[in-house]
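One structure is given below, encoded as structure tokens.
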Amino acid sequence: MNITSEKLGNLDLRIKMEIVEDDYKERVARQLKEYQHKATVPGFRKGMAPMGLIQRMYKSSVVADEVQNLLGERLYKYIDDEKLELLGSPLSNDEMTPQPDFAHETSFVFYFDAALMPAVNIAWDKVDVKLAQVKVTAKDAEKQVDYLTRQYGKFESPETVEAGDYIYGKAVELDKQGQVKEGGVQSFVSFELPSVKDEEIRNSFVGKKAEEKVTFNVAKAFSTADVERMFRLDTAAAKKLKGDMELTISGCSRITPHALDEELFERVFPGEGVKTEEQFRKAVGRQIEQANAEQCEILFVNQVRKALLEQFDAELPEAFLKRWILSRSKDEKLTAEQLDADWAEKYLPGMKWELIDGALNKIERIDPSHEEVVSRIKELIGRNAGREEGEDDAAYEKRIGEAAESIARDGNNSRQVVDQLYLHKTFELLKKQLKPEVEKISAKEFEERAKA
């Protein structure tokens, strides 16, 4: 077999593969021999049909199969041997490749198009991103303590609504005459009464029971973000919803907060030896700091990612990449015209980041290894899985290890862990390269930056 390649411009590559009979005849002979042993042909006992008959019946299809198998094997071996770094995978050039006649020809020529990976140079000195650190205030800690006491509190379903209750029911939009608006918003909603902004509206719910109705102005009662969540609307639709709504109460629920005692401390921080309220509040503070640190990692990576995408100036073989996407897409409705329209916003940023990711991996591996994934899953399982009765250390480690291996092998179950590890390793690499200035900010400032 003869394989050659020719550069067409800076990145486009054409690969020519010439196959002759000597390349595949032994494979074909073996396959036909197997067919002869297994074939049931009228007039002959099983496995006794003459080879000439078997060849007339099956040879052309066997040649086609073996040539295709050979193409795949040798094409990727050539790519490895030549150390070609490609974008995507080679595509058959059907216009240049002659239609093969496997019944009458013995030599074949195939052409493939490919694209070389462009060089990606990262100008670290042009990336100016600070590492945010969210300050934990006493108010933040107290809010979390309140949340935890409610989370582990006693749940009740009272008949009558009181000031701190959780209310649920069907809300319908009204017209200016106070009637149900035709084509208006209707949804089953739920909300905490303290989240209602207007005091008069809040008080109008107190004392109500199931099946009773309350009319209120939605814009006065809730923020746009709350309206989006409650009615499952996009931002534009939520902003337009400003009139009156009528809520038919289905019921309410009430939580009696858990006392700040050792039972709560152990449930929230099992096995950590938290015994006093002071220790509990300190542990809550550390918990908030850890959660904030993880969110700050995400923000930092996203900000650096944006900066790296903005400075990306490597040439891309767009014509080839579009062909490649169309050839692999599972969306039957995707057309070349739609791909062109969505290219700049939907596809190009992802392509650029894949190349930047490759450049980062050359500096230091950030793609999580199987061992790292298993180790992380074992850690997560260990937090929640206690020892079985009579189980020693070795048996416990074996059981947890086997469970972690099983989860890691299942791509769907381990995807979240893989993504978290990838994000953290990316953060560590970017921090090492950039040595960013640490900037302490409030939780509100963090939220604003995260939305930007």
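The values are calculated or read from the model by the stated rules, or taken from the named source; none is laboratory data. What you see is a predicted model, and the numbers here were worked out from it, not measured in a lab. So basically every Cβ, Gly included, is an ideal-geometry build from the backbone, and we count neighbours across all protein chains shown.
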Review point. Mind checking whether some residue in segment 102-115 is polar (S, T, N, Q) and not assigned by TED's automatic domain parsing to the domain that holds D12?
Key: no
Review point. When you scan segment 132-161, how many residues do you find that are of a type in the set (D, E) and surrounded by 13 or more Cβ atoms within 10 Å (Cβ to Cβ)?
Key: 1
Point to revise | Test result for Q68, more than 45 Å from the chain's Cα centre (by Cα) and polar (S, T, N, Q) | key: no
Exercise for review: Run down T137, T97 and say which single residue is more than 29 Å from the chain's Cα centre (by Cα) and closer than 30 Å to M57 by Cβ.
Suggested key: T97
Exercise for review: Tell me, yes or no, whether segment 417-439 has at least one residue that is surrounded by 13 or more Cβ atoms within 10 Å (Cβ to Cβ), in a strand (DSSP E or B) and either β-branched (V, I, T) or touching a Gly at 6+ places or on another chain (Cβ under 7 Å) (or both).
Suggested key: no
Review point. Quick check: is even one residue across segment 261-281 of a type outside the set (S, T, N, Q), in a strand (DSSP E or B), out of contact with any Lys or Arg (no Cβ under 8 Å at 6 or more places or on another chain) and on the phi < 0 side of the Ramachandran plot?
Key: no
**Study point:** Lone unmet requirement of (1) surrounded by 15 or more Cβ atoms within 10 Å (Cβ to Cβ); (2) touching a Phe, Trp or Tyr at 6+ places or on another chain (Cβ under 7 Å); (3) charged (D, E, K, R) for D367
**Key:** (1)
Review point. Of all residues in segment 327-358 being acidic (D, E) and within 26 Å of V120 (Cβ to Cβ), which is surrounded by the most Cβ atoms within 10 Å (Cβ to Cβ)?
Key: D357
**Study point:** segment 410-428: number of residues that are charged (D, E, K, R) and modelled with pLDDT under 90
**Key:** 1
**Study point:** Leading residue by the ranking (nearest to F320 (Cα to Cα)) among those in segment 43-97 that are in contact with a strand residue (DSSP E or B) (Cβ under 7 Å, 6 or more places away or on another chain) and of a type in the set (S, T, Y)
**Key:** S92
Check your understanding: Can you tell me which residues in segment 189-240 are of a type in the set (D, E, K, R) and assigned to a loop (DSSP other than H, G, I, E, B)?
Key -> K197, D198, K208, E211, E212, R232, D234
